[in-house]
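Down below is the structure, laid out as structure tokens.
Just so you know, all these numbers are worked out from the coordinates, no wet-lab data involved. As the structure is a computational prediction, the values presented were derived from the model and not from experiment. We place every Cβ from the backbone using ideal geometry, glycine too, and count neighbours over all the protein chains shown.
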Ligand SMILES: Cc1cc2nc3c(=O)[nH]c(=O)nc-3n(C[C@H](O)[C@H](O)[C@H](O)COP(=O)(O)O)c2cc1C
């Protein structure tokens with residue numbers, strides 16, 4: 001991100017998460033309730049662990065907003081960790097009288113080993129606390145701000161789960177019910193597949209195992225002409241991929257037809273170009289996923305992410321005790337069985353942040369009005385060409 005800058009701090013069991021979002025235009029109507037709505041959506045989903053019943057996330061806006069509107073100053077957000085009261089000794093800033101027992105067995109699939117070696121930690125707690133996906137709450141909170149900004153230019157962002165483990169949802173048709181997707185326990189639009197996904201999660205839980213899956217993020221109404229082919233770091237697809245792969249446990253990314261396109265002939269993949277006086281240029285298909293040559297086409301932006309199965313296992317995999325190098329079983333933390341529905345909400349947030357940044361980069365605007373006008377001028381210009 002360049003025009004919109006985000007920095008977060010905070011440990012999973014520390015007193016709070018803190019975020020500073022800089023570069024948001026002034027005069028954007030914003031309430032903590034709107035941010036809390038997305039924070040609550042991140043906590044949903046069949047397959048979550050006990051933590052989600054303890055935390056009921058609330059964002060406190062501590063800077064950059066006055067009388068319900070952004071001022072153009074950095075926006076400061078704070079999300080308290082309710083669970084912190086149970087961890088005050090372990091997480092104490094000052095040296096505790098009685099040193100907490102260190103975690104010395106790294107969990108495969110986590111940052112534990114790499115973090116300990118990189119930062120020379122003897123207690124893996126120093127890694128676990130920051131590497132935890134708890135950090136994604138701050139990105140969801142700031143993503144809600146980006147979503148509000150994009151709504152000002154007619155943009156809507158939503159997501160749905162298309163695979164959990166080996167259960168795949170049927171391809172959805174024209175009726176993509178964004179409004180109802182949160183009502184489903186795994187945020188899947190195919191009711192029959194949803195039931196099988198929930199059964200698969202239950203079975204994995206009974207086995208002491210975990211599951212991953214695939215989710216799709218859809219962005220409707222994003223203007224054409226954002227991004228560029230002239231330099232690698234201006235390509236919109238690269239920004240979307242970087243955003244998605246910044247989510248812990250996301251290991252795969254697809255734009256539009258993605259990997260499926262590799263198996264098809266070109267005549268079945270590329271989107272033919274049409275023109276109508278009232279509409280301007282448009283496509284009848286959208287296999288490109290709304291980006292061609294690194295530039296948005298004006299069609300919906302459609303991206304998918306593959307999330308690996310949760311790495312913390314009730315029946316742990318083998319590991320090594322770091323003081324003795326003895327072969328042991330991995331450390332077990334309280335954990336989710338499947339977090340794909342929640343990761344999809346995080347996906348919406350990081351895509352909102354990436355697109356808001358790219359749009360601000362392209363159109364500028366110190367106030368929301370200026371931003372909106374610049375988008376409108378360009379959109380009208382494109383329609384007349
Ligand atoms: C919303 C969300 C919730 C997650 N919950 C857990 C969890 O409860 N237990 C766990 O082991 N990993 C969980 N993860 C994944 C880990 O944070 C991640 O696998 C780990 O930090 C290692 O990073 P890496 O998979 O990107 O290498 C979650 C990820 C997300 C996006």
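Ellipticity at 222 nm from helices only: DSSP H runs of n ≥ 4 in the chain, each -39500 (n - 2.57), divided by the residue count, give -9500 deg cm²/dmol. Computed over region 125-188, the convex hull of the alpha-carbon atoms projects to a mean area of 6.7 nm². Highest-first packing order for the peptide set 178-189, 26-37, 299-310 is 299-310, 178-189, 26-37, based on the mean count of other beta carbon atoms within 10 Å.
For a quick check: sort 160, 121, 315 by the number of other beta carbons within 10 angstrom, fewest at the front.
So the residues, fewest neighbours to most, are 315, 121, 160.
Cut-off 10 angstrom, C-alpha nodes, Gaussian network model of the chain. Which of 298, 213, 280 fluctuates the most? Maximum fluctuation in the GNM of the chain, among the listed residues, is at 280.
Using a Gaussian network model of the chain in which every pair of alpha carbons under 10 angstrom is joined by a spring, one finds that among 269, 161, 226 the greatest mean-square fluctuation is at 269.
Mind ordering 243-251, 62-70 by average Cβ neighbours within 10 Å, highest first?
The most tightly packed comes first, giving 243-251, 62-70.
Direction-averaged projected area, Cα convex hull, region 9-100: 7.5 nm², rounded to one decimal.
For the chain, the relative contact order works out to 23 percent when only alpha carbon pairs closer than 8 Å and six or more residues apart are counted. Mind checking the log10 I(q)/I(0) for the chain at q = 0.12 Å⁻¹? Debye, one equal scatterer per Cα, no solvent, two decimals. Here log10 of I(q) over I(0) equals -0.98.
Full extension of the chain between residue 5 and residue 332 yields a length gain of 114.2 nm, computed as 0.36 nm times the residue separation minus the alpha carbon distance. Structure remark: mean-square fluctuation, Gaussian network model of the chain, C-alpha springs under 10 Å; the largest value among 264, 317, 21 belongs to 264.
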